[in-house]
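One structure is given below, encoded as structure tokens.
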Amino acid sequence: MSNEIVLKTEDLTKHYGGVHALEGANFELRKGEHVAIMGDNGAGKSTFVRQITGVEQRTRGEVIFDGKQVHFDGPLDARRAGIETVFQTLALADHLDVPDNLFLGREKTKFDWLGPFRLLNYKEMRQDTMDALQKTGVKIPNIRNTIQNMSGGQRQCVAIARTATFHSKLTIMDEPTAALGVQETAQVENIIRTLKEAGEPLILISHNMRQVMDLMDRIIVFRRGRIVANLRKEETDGQDVVAYITGAKTQEEYMVEGVT
């Protein structure tokens, strides 16, 4: 794993009126590193990701990505910069099929010499979709089927396949297996392993302790909008992580025991 820092946040904060959803989050992610973010519902995990990816605009703080200070206007800006994200809401277009969703916002075209009157290259997008699904192990019986006619598990797998298909500088997954069965969960975990083998950094928000301990390098714990623990996987265990999540171990203890 490289010492090169891919993502860094300094004092990242989000207030909704008098509600402090995220307060002073200082975070670093290195190239090739896979980091889990854990915490109870409402602890600030998803809020943290939304500030990084531009879904919401932060109250204060800085985000440094790929060596540059960034301030994305929205998720599309983040994607263009190299951040691929699977949100809990999936962000899929229900009325479109699998290839159209995989290439949404980056469609392949032909006859570019026509200027603004370009045609979509459906044949190439369908073939690339089949290749991508095979590479990631995602099984979709009919890629021409629209998303609205798919099961929840299939929809989730399409979103994850889209993220894993395109080379990115950073992949973020927000509870990617929460609604999946055993087989589909295994597919997602294989995708995560593939990203690790390729040296691509990843942030995983998860409540699944087994998954985190099996797949991640480091664990960040959020509680009441603050980071209260930064733990290397090999130096901690599930009970220790739960103690930070529940508050049995406090932030003051973290300041002494936390791993930098």
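All of the numbers you see were taken from the coordinates with simple rules; none came from a lab. Quick caveat: nothing in here was measured; it's all calculated off a predicted structure. With ideal geometry, Cβ positions are generated from the backbone for all residues, glycine too; neighbour counts draw on all protein chains shown.
Quick notes on this structure:
- Under 12 Å from the Cα of residue 45 - aspartates and glutamates, other chains or at least 8 residues apart: 23, 174, 175
- Straight-line cross-link partners of residue 169 among the aspartates and glutamates, defined as a Cα under 13 Å from its Cα and at least 8 positions apart when in the same chain: 4, 33, 66, 84, 200.
- Proximal charge balance of residue 124 [Cβ under 12 Å; K/R count +1, D/E count -1]: +1
- Placing a label point 7 Å from the Cα of residue 246 along the Cα-to-Cβ direction, the residues of segment 197-234 whose backbone N falls under 18 Å from that point are 207-210, 221-224, 228-229.
- Gyration tensor (alpha-carbon) shape descriptor, the chain, a/c threshold 1.5: prolate
- Cα-based helix-to-principal-axis angle, 182-197 vs the chain, degrees rounded to 10: 80
- The angle between the Cα long axis of helix 152-165 and the longest principal axis of the Cα atoms of the chain comes to about 90 degrees, rounded to the nearest 10.
- Calculated Rg and Dmax of segment 151-260 using C-alpha coordinates, Å: 15.2, 47
- Computed over the chain, the per-residue total of -39500 (n - 2.57) for DSSP H runs of n ≥ 4 gives a 222 nm mean residue ellipticity of -10000 deg cm²/dmol, rounded to 500.
- Spin-label model, residue 234/residue 71: points 7 Å from Cα along the beta carbon direction are separated by 4.1 nm.
- In Å, descending, principal axis extents of the Cα set of segment 42-185: 46, 45, 25
- Averaging the sequence gap over all C-alpha pairs within less than 8 Å and six or more residues apart, then dividing by the number of residues, gives segment 5-257 a relative contact order of 26 percent.
- Of all DSSP beta bridges in segment 82-230, antiparallel share, percent nearest 5: 45
- Helix 122-136 vs. the chain, principal-axis angle (Cα, 0 to 90°, nearest 10): 40
- Set of lysines with alpha-carbon distance to residue 249 below 18 Å, sequence-local pairs under 8 removed: 233
- Rounded to 5, percent antiparallel among DSSP beta bridges of segment 5-257: 60
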